[in-house]
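Take a look at the structure below.
The values are calculated or read from the model by the stated rules, or taken from the named source; none is laboratory data. Here the structure is a predicted model, which means the values were calculated and not measured. For neighbour counting, all protein chains shown are included, and Cβ atoms are generated from backbone atoms with ideal geometry for every residue, glycine included.
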Amino acid sequence: MSHDHHHDHDHEHSELTETQLRVRALETVLTEKGYVDPAALDVLIETYEKKVGPRNGARVVAKAWADPAYRARLLKDGTPAIGEVGYAGRQGEHIVVVENTPQRHNMVVCTLCSCYPWPVLGLPPVWYKSAPYRSRAVSDPRGVLKDFGVTLPQDTEIRVWDSTAEIRYLVLPMRPAGTEGWSEEKLAALVTRDSMIGTGLAKRPEDLT
Amino acid sequence: MNGGQDLGGMDGFGPVVPEPNEPPFHAAWERRAFALTLAMAMPGGWNLDMSRFARENRPPHDYLSMSYYQIWLAGLDVLMKERGLVAEDEIAAGHSLHPPKPVKRILSAADVAQTLHRGGPTERETNTQAAFKAGDTVRAKSMHPLGHTRLPRYVRGHVGTIEAVRGCHVFPDSNAAGLGENPQWLYTVRFDGRDLWGADGDPTLTVSVDAWEPYLEKA
């Protein structure tokens, strides 16, 4: 789906007209009543559209790959270690980092709603919030991984974390082979959003164009 | 409540369909609905657990046929109307028709960054002792409250192992009902995939939930 404005307008003027009009009316009413500051809405949107996203998490992962002492701190107590890199706050007040190994693959879900570590990954993608993922991640994670084109060895332990409370989980993916001596910046380019949810793996050096 | 939100283990929804290069929002109204929902919590005075309940407390066929931000909007609608902050005739007219309710604070543009950075930590000081420790065997209770709860159906009645003690946290079942934070010890409880899904389940699978002490009993 494209992200350009033309597309948005097409969308609005077709099946979503009613919702679009209602949201517009609601914003006007709430502004007139003095409950919301439209400029605050703009800042909220800009924050999650432009500033907070999976690049944050990728920096954390790359640092953990490059710096064994940081990796140890991150796995011991995720929230302050992530705070060192400058990320904290809403929907990331209590972050636990879980590490993938050749023996064990971690995957994160919220079967009850859409809990997701916003400060490091941004807002969750539609599939993460959707019924197909929320229903099957806990019962058939290998089937879900197949939907993402990922197949793991039959003897790899699959560990699924259902975020039913305010603990937020971030997967530390395995560092790809052939990246010895890489800078954190270069390593971060290998870290995908899905690899930090557990529905994907980090890119290999040969995947970089 | 045993509602449409409690999806773990259901069948028939089809494959997960990832969207390449997915944008954070798919329509202009989603941006505004998202921001309105975040901003209204301050003047509205409701908490996160009340928001979650307002979203899930609807017929399952409605919940499952609405888009994510449509559910957010519907939840916001309930929360505002419960408190008399807005009326349907105003939304229909597109203008305020009644005097506003006095509110303590609103979110200003200048406060957004600090408010987001502060977040809403849920861990609380306590002088109680945790009933369980890592390694203990526990059973997720069979319980079916009509209000908000965070114990998914697919683990109820099953035996698991305490993997970690996460501290004492605001208890959603109380907080959503306006009965106060009532902090309770929170645990990560791990279940064997075959205990949950039967002999045909993936033998390499373990699943955990985060469960407050009132959800658990000794096994």
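For the residues B:149, B:126, B:188, B:115, the requirement of being at pLDDT 95 or above, assigned to a loop (DSSP other than H, G, I, E, B) and within 11 Å of chain A (Cβ to nearest Cβ) singles out B:149.
Filtered by the rule that a residue be under 19 Å from residue B:2 (Cα atoms), of a type outside the set (D, E, K, R) and out of contact with any His (no Cβ under 6 Å at 6 or more places or on another chain), segment B:49-67 gives B:50, B:51, B:54, B:57, B:59, B:60, B:61, B:63, B:64, B:65, B:66.
Here is a check on your reading of the model: is residue B:15 free of Cβ contacts under 8 Å to residues at least 40 places away in the same chain, over 28 Å from residue B:178 (Cα atoms) and either touching an Asp or Glu at 6+ places or on another chain (Cβ under 7 Å) or among the aliphatic types (A, V, I, L, M) (or both)? So residue B:15 fits the description; yes. Selection of helices (runs of 4 or more DSSP H) fully inside segment B:1-99 by the criterion of at least 1 residues being among the hydroxyl-bearing types (Ser, Thr, Tyr) returns B:28-44, B:48-56, B:60-65, B:68-82.
When each of A:204, A:175 is tested for being among the charged types (D, E, K, R), surrounded by fewer than 16 Cβ atoms within 10 Å (Cβ to Cβ) and either in the same structural domain as residue A:87 (by TED's automatic domain parsing) or farther than 20 Å from residue A:56 by Cβ (or both), the lone residue that passes is A:204.
For segment A:137-189, the set of residues classified as within 17 Å of the chain's Cα centre (by Cα), of a type in the set (Ser, Thr, Tyr) and part of a loop (DSSP other than H, G, I, E, B) consists of A:163, A:164, listed by residue number.
Scanning segment B:27-41 for residues that are surrounded by fewer than 22 Cβ atoms within 10 Å (Cβ to Cβ) and more than 7 Å from chain A (Cβ to nearest Cβ) gives B:37, B:41.
Scanning segment B:67-98 for residues that are free of Cβ contacts under 8 Å to residues at least 24 places away in the same chain, more than 8 Å from chain A (Cβ to nearest Cβ), of a type in the set (Gly, Ala, Ser) and touching an Asp or Glu at 6+ places or on another chain (Cβ under 9 Å) gives B:67, B:74.
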